[in-house]
1. Which one, B:93, B:22, B:247, has the greatest fluctuation when you compute a Gaussian network model over chain B with C-alpha springs under 10 angstrom?
2. Put a dot 7 Å past each Cα toward the Cβ at residue A:342 and residue A:179; how far apart are the dots in nm?
3. Would you mind giving the mean number of other chain beta-carbons within 10 Å of the Cβ of each residue in B:165-174, as a whole number?
4. So for segment B:243-294, Kirkwood radius off the Cα pairs, Stokes-Einstein at 37 °C and 0.692 mPa s: how many µm² s⁻¹?
5. So if the hydrodynamic radius of chain B is defined as the Kirkwood radius over C-alpha pairs, what does Stokes-Einstein give as its diffusion coefficient at 20 °C and 1.002 mPa s, in µm² per second?
6. Taking each residue of A:103-110 in turn, how many C-beta atoms of other protein chains fall within 10 Å of its C-beta, and what is the average?
7. If we count other beta carbons within 10 Å of each Cβ, what is the order of A:375, B:67, fewest first?
8. Which order, highest average first, do B:202-210, A:180-188, A:447-455, A:401-409 follow once you tally other Cβ atoms within 10 Å for each residue and take the mean per peptide?
Ligand SMILES: Nc1ncnc2c1ncn2[C@@H]1O[C@H](COP(=O)(O)OP(=O)(O)OP(=O)(O)O)[C@@H](O)[C@H]1O
Ligand SMILES: [Mg+2]
């Protein structure tokens, strides 16, 4: 039996406001193992890891490293003990270069001068060793999300990490990158590093981990050997009930086209062409999936539809009404719902409470407001939605930023779906969510479809798109490569189209 | 021959005047740059400068040495910095409100202390002030030679530009400051003490701003007069923005302002038909025009003005 390189004992953490994020959690990490923390959104996974990284201080509990008690009062302490943390929300500074980000806060050889050259060489060594393809002199904002993940990993290794914590690293990676990450993880453990891996994708967890600790509502459910537990068992331990992996869905009964894009072109924020002659029609009662690797024009497509970006040519029609380059409110008023790509950036006002977030579209209309805001109605309205959409929160006074990812998404769903829109534009609606929450989102979106809504569903997850869409359009470099039927397309074909082959050339 | 000589003379004195009026703003702007880079906006630069101006004249008077005046001004500025840092870093007060509080306090406080210390009829003869230092050879170059005949502090101000630029770009401390200004949480997770960086930059920066005040009271003039800073602190703040948070940019911005001021003085001297009130507006107009025309997209440190809350 190998030794416990890390032991966390009876960790309890209560946040101001009374949320008990961790309650008496015990966790043992062996040398050279991959240990997964599995749990729903809000189960307390990030919290306990933030305690380990010295960012949060626990109310009570002890941490032992190599069987000696340590106190981790700041990230600096944790780094000293060889804990390398890759946070769920990346801690890179986009305005700085890769080297600058990596060496931030580290003593330099020629103090006080930065050793950019020498550091860049070392970064390149890591990059080559793990096949990351990182240019040390690139600015971080220029990197793809996947590459940023690699930079975070280099940053941890560079600081001498022996225990690597990866908080939901796969949520932002494409399938090839996930394979690459798993290869890296195997290299780490082969070198006797230990890895704590956080995820709620059960397939991945089964594939990569040696042991799994399941958390639910801030408490530990169990720690199991991966080989001794089945996927449905894991799902049940995690959510506390049986989970449906495949969304149940009746055959679609498509009606008239409701959202019609005709030869749309648009530029991205850097002034380069992002959309090339995109023509699509989404019919009432169907879900049109948009597949593609991140950054191939999906964001621009959604923004053009929602009036957030000007198209340079072409037209957008909503229920036969021309709304090309119309004001966003005009478009929303045509009964269009929108689940934006990043709930923390454009989906919610993180600094506002749930009540306020729920009325962002309607605040100016009766009965929410008759010149003055009608807080009594708004509160009742919020409480009803919180109940209907099962948003887990003490009350509607809580700031949206304090909710877990899954609950934030439920909040957006509540706002966008409660009025039963004719058209729904959803992007990355399940990104970062656990199986229970994904099931919930899918169920609600399918219910909207069955009620006759036309739904445009953008995602990077192929499995999800195959599962939920009635048709799938593949986008590459701002161009539609073709539209396929999910029932008779292979993952390989989709992959080729995502990489830039036109559908016709595949046959 | 005669005419071209006078023109050259005018240009020469023009250049000299530009740097002379720009220097105090440059010093203050460099001081501000340190904290701005760390994400702190200090509107209180105006008041800090005013306190520095008074402390400078008192110091110069007591020690009968202008350099001691500058030192006392730096200490006084540092003290104001400690107060400001406590308010905005520890207590997490709104930075604008804290800055305005300092300005109001400084205006009233310096007026009172000045009257107590120097009385109502201060005579300038008792306060020693900086004299011009001509750099040998360089100051004899025709036309631009006047650039090299300035107060000692002005040269220091110029030297601080490359110093600050390289400090920010090439050293660990500079990188730490920039990271705290862009994204304090990331800096914290990378093992940087955000509070210490913010306290440090505010205090050092405020000391420099204090010296900028002394430049006015023991440099340009040799006595303290009420509200003698008259907006230079704000112009310094604008210069930081106009200079895009880059030391050389800040130099350019302050010289532009100096240019406007020098032009205004010249035009008044020539007896221009334009009412002098309009001429007085010139440097400000120039700043506003340049600002609205050329600054382009804001490149402010991301965390500007925001306090850092630790989890
Ligand atoms: N800074 C905070 N202040 C108040 N409450 C918080 C804070 N951070 C997290 N919480 C609450 O603590 C609980 C646990 O959150 P945590 O982020 O640890 O969940 P998680 O398991 O990482 O979820 P996810 O899968 O969504 O990342 C949640 O209910 C969350 O709302
Ligand atoms: Mg988390």
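What follows draws every value from the coordinates through simple rules; no lab data is involved. Because the structure is a prediction, the values reported are computed rather than measured. Cβ placement follows ideal geometry from the backbone for every residue including glycine, while neighbour counts extend to all protein chains displayed.
1. B:93
2. 2.9 nm
3. Mean partner shielding for this stretch: 3.
4. 283 µm²/s
5. D = 107 µm²/s.
6. Rounded to a whole number, the mean comes out at 5.
7. The order, fewest Cβ neighbours first, is A:375, B:67.
8. Listed from highest to lowest mean packing, they are B:202-210, A:401-409, A:447-455, A:180-188.
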